[in-house]
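Values in this text are rule-based calculations from the coordinates and carry no lab data. Every value quoted in this text rests on a predicted model; they were computed, and no experiment measured them. Cβ sites come from the backbone with ideal geometry, for glycine too, and all protein chains shown count toward neighbours.
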Amino acid sequence: MSMTDVDTVEAKTATEPRRVNKSELRTARGLAAPAIILLILLTQIPFLVTIIVSTINYNLLRPNDRGFTGLDNYISALSSGDLGPSIVATVVITASSVVLSVVFGMVFALLLDRAFPGRAVARTLMITPFLVMPAAAALIWKYSMFDTNIGILNWISRSLGLPIVSWGTNHPLATVIIVLTWQFTPFMMLILLAGLQGQDKGVLEAAQVDGAGPWRTFTWITLPHMRMYVEIGVLLGSVIIIQVFDPIAILTRGTGGTKTLAYLLYERAFIGLDIGQAAAYGVVTVVLTLIVATIALRTLFKVFMAGGSR
Amino acid sequence: MLSKKRTLTLGAGAMATAMALAACSSGNVSSGGDGAGDGENVTLNLATVNNGQMKDMEQLKGEYESANPGVTVNFQVMEEADLRAAVTADVASGAGQYDIVTIGAYETPQWGANGWLVDLTEPLASDPDYDVEDLLEPVRVAISNDGKQYAVPFYGESSILMYNKEILDEAGVTLSDNPTWQEVADAAAEVKTDGMAGICMRGKPGWGDLFAPLTTVVQTFGGNWYDADWNATVDSPEWKEAVEFYKTMLDESGQADPVSYSFNECLTALKEEQAAMWADASVAASLLEADDSPVKGKMGYAHMPTVETQESGWLWSWNLAVPSTTQNQEQAIDFVKWATSKEYHQLVGEEIGWSNVPPGARQSTYEIPEYEEAAAAYAPITLDVMSSVNPEQPGVNPQPWVGIQYVSIPEFQDVGNQCAQLIADYIANRTSVDDALAECQGLAQPAGEAQQ
């Protein structure tokens, strides 16, 4: 955008560069205006409303007890001790699910990148978990996989003479991460598969001619090529998984370190029915998410950049 | 770099929107019934919960519509949690979307006191055919506020002990009709095998899940949420004893994955003979005795086990109420009366089946010969338990609210829910009983102080 502006200015004779610039700027602004107005309407006004509501004493079930309370809602949100564990839960669940689905996604992408009969069918089947609705996926896992009486996982361990695993009671964190990994592996696989198929076959042949084995080819040629695709996968996966709700509501109800920020907000708003306090939690969450996202993601990508040249 | 920043901003924006929407959901205004008036066509919007009896009502609404030309009843059937959120938001903000709402025993007295519901005392009492005295007394008490009746029970339930007679007989274990919790725990330990739990009890965190049976256990052990002056008493020795008893029973002879289990999971376990006993809602008996149930005819039923009290059953009802914002008050009340009348119970029996008649609402239902026959296994005990529980004082000591397995104050959903998570952590050995109860006491105390 800025490049074209400079070009245009230089192309004109030096008569009235400012005026030309201004009118072009106006056109540009006019074209962008509808999108910006829509963006403001959809994001900033609700956010302002949230900030206003967060300063009001507003419990749905107490209609006679409403009024301005200043920062009381924030004080109770910050002093309740719910935020800290919730941030930890969000980070742990998001990070482990993203890392695991990238690893599995890479394995499946490498397998599907080879030519074999029935590849199209295999690819469709592999994508299916991502197409299942999150709530349905969580329910399927709850009853058909994790259940101690009728679940497949415990049927397998019973058949092998191993002890039964009480997933929901003893391993709530693992339950949520397993379901999320299952759901997001196909998503990562698709992105990584696109990257693999965009690889220059000539370079791979050259490596083969030079006597590089499959492992060296993978680590020295394929992996550096895939860095960008991994980055995209991690970024998109984090943005989606950070707001995950369904598996937690259905499988663990927030016990055992699985109460993420999204679930905490739901509890405050729809079980607490205290709209003012929920709004305060929401504002605090937005601020925290912005800080954490800015710092963590930048550090993450610096590591990637420093890892080698593109 | 640019794309990265933009994604971040978008993500943050989307999150902010989501939160603001959550905050604004109460302002979800929608125009409801068509303009009312004599001779005009009227549409009644009814919000209800998705269980069998309500679906039967939807199926039979045509009978009402043909008897009352010009009236159309529009059903909006939802999951319990969705219903609670949608109806609370609608009624609390006065949006007036619904003409009739289905609400639980927990909300009814609170909403009545807030002036959100039409007082039905006079319209019901003035109609001799309706026979309001026939509605079960404890249920009517539980949903009244200040002597006024703001809702009508559509169906009601208590809790009972259900056990597989075959399994208990084989182990040589017998249970009386009024067992104690110690007897039940011993029996559960006796019949337990490697492949089968002795007893299935709710452990899933939630004020309506784990805390429905656990509150009644605490009450019969002598504890309660609050004393007569609204001081929280969760850190009392009685609570500790009751919660420890509950966990020990689950550890020794309960289902393998207690924190994942609630009503539906235990129902499956009982049907599959993966558990021998179960103390839960009395409505479960009709499901265990249904034609497609593998344990039909094998079950025995007893009163909820006790320790220090005479009875320990809970009391719940789904009720029909008319929000005061409705434009069609007269027609709405008329439909509510129809759906809870003796004639409606006859209609369900004749059209759908006698075992489908809504239980626990009317005394006279239990005198219908066809119903007595169809529900012979569980009708007498249901009626017996439902008429003998005392919602005004379920525990050992007097309490300042009406209700058994819940405290009818707005904060209870939240307090109960968070405490249930703490106790679930104790059941899963992630915390100690003292820490869990101390933290729960800290949550319950401010809620009680708000009532003082």
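Treat every Asp and Glu Cβ in the protein assembly as shown as -1 and every Lys and Arg Cβ as +1, leave all other atoms uncharged, and give the resulting dipole magnitude about the Cα centre to the nearest 20 debye.
On the way: 43 positive and 85 negative charges, 1179 e Å.
That gives a dipole near 5660 debye.
One quarter of the convex hull surface, Cα atoms only: what value does that give for the protein assembly as shown in nm²?
Convex hull of Cα atoms, orientation-averaged projection: 42.9 nm².
So who's got an amide H within less than 5 Å of the one on A:Ile56, skipping anything under 5 residues away but keeping other chains? H placed 1.01 Å off N, in plane.
A:Thr69
Toward the positive end of the charge dipole of chain A, about the Cα centre and with charges on Cβ (Lys, Arg +1; Asp, Glu -1), which of A:Ala278, A:Ile232, A:Ala32 goes farthest?
Going by the charge dipole, the pick is A:Ala32.
Classify chain B as rounded, prolate or oblate, taking a ≥ b ≥ c as the square roots of the eigenvalues of its Cα gyration tensor: rounded when a/c is under 1.5, otherwise prolate if a/b is larger than b/c and oblate if not.
Here chain B falls in the oblate category.
Given Cβ point charges of +1 (Lys, Arg) and -1 (Asp, Glu) and nothing else, what value in debye, to the nearest 20, does the dipole of chain B about its Cα centre take?
1720 debye
Tell me the mean residue ellipticity at 222 nm calculated for chain B from its helices only (DSSP H runs of n ≥ 4, each -39500 (n - 2.57), averaged over every residue, nearest 500).
Helix contribution divided over all residues of chain B: -13500 deg cm²/dmol.
In whole Hz, with x marking every Gly and Pro, tabulate ³J(HN,Hα) for segment B:227-236 from phi via Karplus 6.51 cos²θ - 1.76 cosθ + 1.60, θ = phi - 60°.
Going residue by residue, I get 8, 5, 9, 6, 8, 5, 10, 6, 8, 6 Hz, with x marking Gly and Pro.
Suppose every K and R has +1 on its Cβ and every D and E has -1 on its Cβ; what is the size of the dipole of segment A:166-310 about the Cα centre, in Debye to the nearest 20?
So the magnitude is around 220 debye.
Using only the alpha-carbon atoms of segment B:301-437, report the extent along each of the three principal axes, biggest first, to the nearest angstrom.
Cα spread of segment B:301-437 along its principal axes, largest to smallest: 54, 43, 30 Å.
I'd like the mean, over residues of B:251-263, of how many other protein chain beta carbons sit within 10 Å of each residue's own Cβ.
5
Test of understanding: ordering B:Val101, B:Val42 by Cβ neighbours within 10 Å, fewest first, what list do you get? Write out the running numbers ahead of the final one.
Details: B:Val101 29, B:Val42 22.
Going from sparsest to densest Cβ surroundings: B:Val42, B:Val101.
In terms of modelled amide H atoms, which long-range or inter-chain residues lie less than 5 Å from the amide H of B:Thr306?
B:Thr180, B:Trp181
What share of all Cα pairs of segment B:252-363, in percent, falls into each consecutive 10 Å distance bin?
11, 30, 31, 19, 9, 1
Past the 29 Å Cα-Cα mark, which pairs from A:Lys259/B:Lys55; A:Lys142/B:Lys296; B:Lys204/B:Lys271; B:Lys192/B:Lys298; B:Lys55/B:Lys165; B:Lys61/B:Lys298?
Going by Cα-Cα distance, A:Lys259/B:Lys55; B:Lys55/B:Lys165; B:Lys61/B:Lys298 fall outside the 29 Å limit.
For B:Met196, which sequence-distant residues (separation of 5 or more, or a different chain) have an amide H within less than 5 Å of its own amide H, given hydrogens modelled in the peptide plane?
Distant-sequence amide H within range of B:Met196: zero hits.
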